[in-house]
1. Are any of the residues in region B:147-154 under 22 Å from A:Ala344 (Cα atoms), free of Cβ contacts under 8 Å to residues at least 24 places away in the same chain and more than 14 Å from chain A (Cβ to nearest Cβ)?
2. Which condition breaks for B:Glu299 when tested against (1) part of a loop (DSSP other than H, G, I, E, B); (2) in contact with a strand residue (DSSP E or B) (Cβ under 9 Å, 6 or more places away or on another chain); (3) surrounded by 15 or more Cβ atoms within 10 Å (Cβ to Cβ)?
3. Quick check, is B:Gly400 free of Cβ contacts under 8 Å to residues at least 24 places away in the same chain and touching a strand residue (DSSP E or B) at 6+ places or on another chain (Cβ under 7 Å)?
4. Name every residue in region B:105-124 that is more than 21 Å from A:Met214 (Cβ to Cβ) and either more than 14 Å from chain A (Cβ to nearest Cβ) or surrounded by fewer than 24 Cβ atoms within 10 Å (Cβ to Cβ) (or both), in order of residue number.
5. Anything in region A:154-207 that is in a strand (DSSP E or B) and over 30 Å from A:Arg375 (Cβ atoms)? List them, or say none.
6. Can you find a residue in region B:259-266 that is closer than 18 Å to B:Gln60 by Cα and more than 14 Å from chain A (Cβ to nearest Cβ)?
7. Given the conditions (1) touching a strand residue (DSSP E or B) at 6+ places or on another chain (Cβ under 8 Å); (2) of a type in the set (A, V, I, L, M, F, W, C); (3) surrounded by fewer than 20 Cβ atoms within 10 Å (Cβ to Cβ), report the number of the one that A:Ala160 does not fulfil.
8. Condition (residue is free of Cβ contacts under 8 Å to residues at least 40 places away in the same chain and polar (S, T, N, Q)) applied to region B:278-293: is it met by at least one residue?
Protein chains: 2
Amino acid sequence: MSDIEISRRRLLGTVGAAGATGLALGAVGGAATYAAAADAPATALTTVGSTAEPFRGDHQAGITTPLQSRGHLIAFDLAPGAGRKEAAALLRRWSAVAERLMAGEPAGDGDAGVALDAGPSSLTLTFGFGRTFFDRTGLTAQRPTALDPLPAFSSDQLDARRSEGDLWVQIGANDALVAFHALRTVQKAAGDAAQVRWQMNGFNRSPGATAQPMTARNLMGQVDGTGNPKPSEPDFDRRIFVPAGGQHAWMAGGSYAVVRRIRMLLDDWEQLSLKKQEQVIGRRKSDGAPLTGGTETTELDLNKTGADGKLVIPDNAHARISAPEQNGGAAMLRRPYSFHDGMAADGTPDAGLLFICWQADPLKGFVPVQRKLDRGDALSPFIRHEASGLFAAPGGPKDGEYVGQRLLES
Amino acid sequence: MSDIEISRRRLLGTVGAAGATGLALGAVGGAATYAAAADAPATALTTVGSTAEPFRGDHQAGITTPLQSRGHLIAFDLAPGAGRKEAAALLRRWSAVAERLMAGEPAGDGDAGVALDAGPSSLTLTFGFGRTFFDRTGLTAQRPTALDPLPAFSSDQLDARRSEGDLWVQIGANDALVAFHALRTVQKAAGDAAQVRWQMNGFNRSPGATAQPMTARNLMGQVDGTGNPKPSEPDFDRRIFVPAGGQHAWMAGGSYAVVRRIRMLLDDWEQLSLKKQEQVIGRRKSDGAPLTGGTETTELDLNKTGADGKLVIPDNAHARISAPEQNGGAAMLRRPYSFHDGMAADGTPDAGLLFICWQADPLKGFVPVQRKLDRGDALSPFIRHEASGLFAAPGGPKDGEYVGQRLLES
């Protein structure tokens, strides 16, 4: 494997140097041709490839990392007979390959080479433990109450085979081959210790597709993520990350992920007029501004009425019901991927949102908001929750640690 | 829909201006954070979004266009009762939306808004006719013999429901939402005239993921596409595009696409050692150079033997068998997407290559090469052809024309 390693390092060296010195980005107006692309400056656009996210830190990567253009979710169950010891060895292996891959290096001997040539491309791997993990590893006493099953919601049509799991890995990268390679590497490194339970693929907008960084759009065309808390806000950490001194020391700096495969009934949705769609959401489609005016970040004027005396943002509008001020300040960091798995058997698009939200406590984040949405969200007829997972992602690994070590060696 | 139109134009105006003046690409070394992304210069990386491919020309877009990072393939059958008139109206509608979308504009009234904010992102839509189209439209006399069914190959395990079709659309873009939006728009514009027969999704490396433009890698990790003919070569047009004065005037400037869903048996492949993989392919994995030495573009030394007296590039190596010089100069332009549709029922990855190749005559391009591969390719045990299509893509529309007009109004 030494050939590959040398080649990879050489290429990454080039990328790194480019990233460090800054580059003139050649203007490419109008159409490019096959020939023109081959002649393009060798230095164009390399920050996409050269950006590396840190594996170590207070928190795991992939939570506050900017949304990447490709994502994979994969859940595993421990193999029959595998317990705490095997799980610890697995997390040690996974951490080792994650650290290498996130630095843009091969995973080790037997690296399949799919990510060769590319830089790390903002790759992140984020690891979480499901509720069932703790009994199977004899760590029941370490199980957070925050992993208690989510309440059932009336609109749930959950497929148990695509829900939950002992272990969960979230992978994101700004290159599809880098992300796929990480997925395969994680799966291979599972060895005999764990078996894949389910696996899902997602995507977001490409870096540079918009003229400036913008809030994401989902496959319904809606600006999605406007109200997200920002790391610069004073209470961000308190809302998103588990503090030290809580129920379990091993979760300090960690966060809980709620994962929902939300199918969008796009054929139905797209039959609504623009005006009707905007009333369902409570925001303008063009720019995400509230129907009560302003820009995307203007607060909703929930009491404003129109000339007809009716509320401008209807009673059951999605934005009203999910507004933090309507939910006791509930806050979660939504960090979704869209998904599109082709055509379903009934001819409709098997597409929607891999909703992922992060919070210090699901009972103060996802649950109260979803409970309200479940009662009266105008969006409900156009979506279907098809799978669900709740995972505890421990804090980031410190030097010399593997992810989850404070749990597995507690 | 006027709000959306205005907003879209405003945003694209910004992108266009940036593309025209050239931009300093801010260096982003090391890790970016959520907060940093929001503070990033508004002008970074916009050529990804701002690049537009021409809808009109001698040839359709999407053939010599550089590989985009996202692709969708969709095949339709004409609806029962729909004939030449309905097909002509359909191609007129499709052409109208394709031209708008490729320019980065909304498709028209009822545009779902999914591509809002983004530039055209190198979007291409390429339209083709399958063999069955001609009988159904009373155009049997205009059916090219080049659309005669491909021969059966011993390694075929074709699923008829995911093969062929009256009409085929290839969509590519460097942004996933732009590509998805185009797919939905095409499907919606089909109206009552045609029904979806099959649909597949693919991807390639992101622009900027590598330090310089490089030949693609496939999901086996192999450099794939090295021997592709280049538009700058004198016989490129003759090999790839149908000349004027041929069997049917309407195909002048057109090209034939062979589409194969090639499943890769990655679990088996990845168990091979690097050395064994390289012998199967006949090229080095690290850089795609022939095992006989040199760089990626060095010609294979097919007669070279090693110290053991054996051929360095084995008799059944994929690169030897598919080498143009071994196939009477057969040439095709391979322009594939990788695919990954999650996990198959047997737990293996449902992943591989959406092989698409373009040629002036399939009997001189795909067929002779595949026939040889079928007899003795060392790669065969690791791949499975699961679906197949053969489509005639007419020449590019001239001003005022829609795609296929010269056929449908002949």
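1. Looking only at region B:147-154, we keep the residues that are under 22 Å from A:Ala344 (Cα atoms), and these are none.
For region B:147-154, residues under 22 Å from A:Ala344 (Cα atoms), free of Cβ contacts under 8 Å to residues at least 24 places away in the same chain and more than 14 Å from chain A (Cβ to nearest Cβ): absent.
2. Every listed condition holds for B:Glu299 apart from (3).
3. On the way: free of Cβ contacts under 8 Å to residues at least 24 places away in the same chain: yes; touching a strand residue (DSSP E or B) at 6+ places or on another chain (Cβ under 7 Å): no.
Considered against the rule, which asks whether it is free of Cβ contacts under 8 Å to residues at least 24 places away in the same chain and touching a strand residue (DSSP E or B) at 6+ places or on another chain (Cβ under 7 Å), B:Gly400 comes out as no.
4. Keep residues of region B:105-124 that are more than 21 Å from A:Met214 (Cβ to Cβ), which gives B:108-110, B:124.
Within region B:105-124, B:Gly108, B:Asp109, B:Gly110 qualify.
5. Of everything in region A:154-207, those that are in a strand (DSSP E or B) and over 30 Å from A:Arg375 (Cβ atoms) turn out to be A:Leu167, A:Val169, A:Ile171, A:Gly172, A:Ala173, A:Ala194, A:Gln195, A:Val196, A:Arg197, A:Gln199, A:Asn201, A:Phe203.
6. Yes, region B:259-266 has at least one match.
7. (1)
8. Looking for residues that are free of Cβ contacts under 8 Å to residues at least 40 places away in the same chain and polar (S, T, N, Q), one finds at least one in region B:278-293, hence yes.
The values are calculated or read from the model by the stated rules, or taken from the named source; none is laboratory data. This structure is a prediction, so every number in the text was calculated from the model and none was measured. Note that each Cβ is placed from the backbone with ideal geometry, even for glycine, and that neighbours are counted across all protein chains shown.
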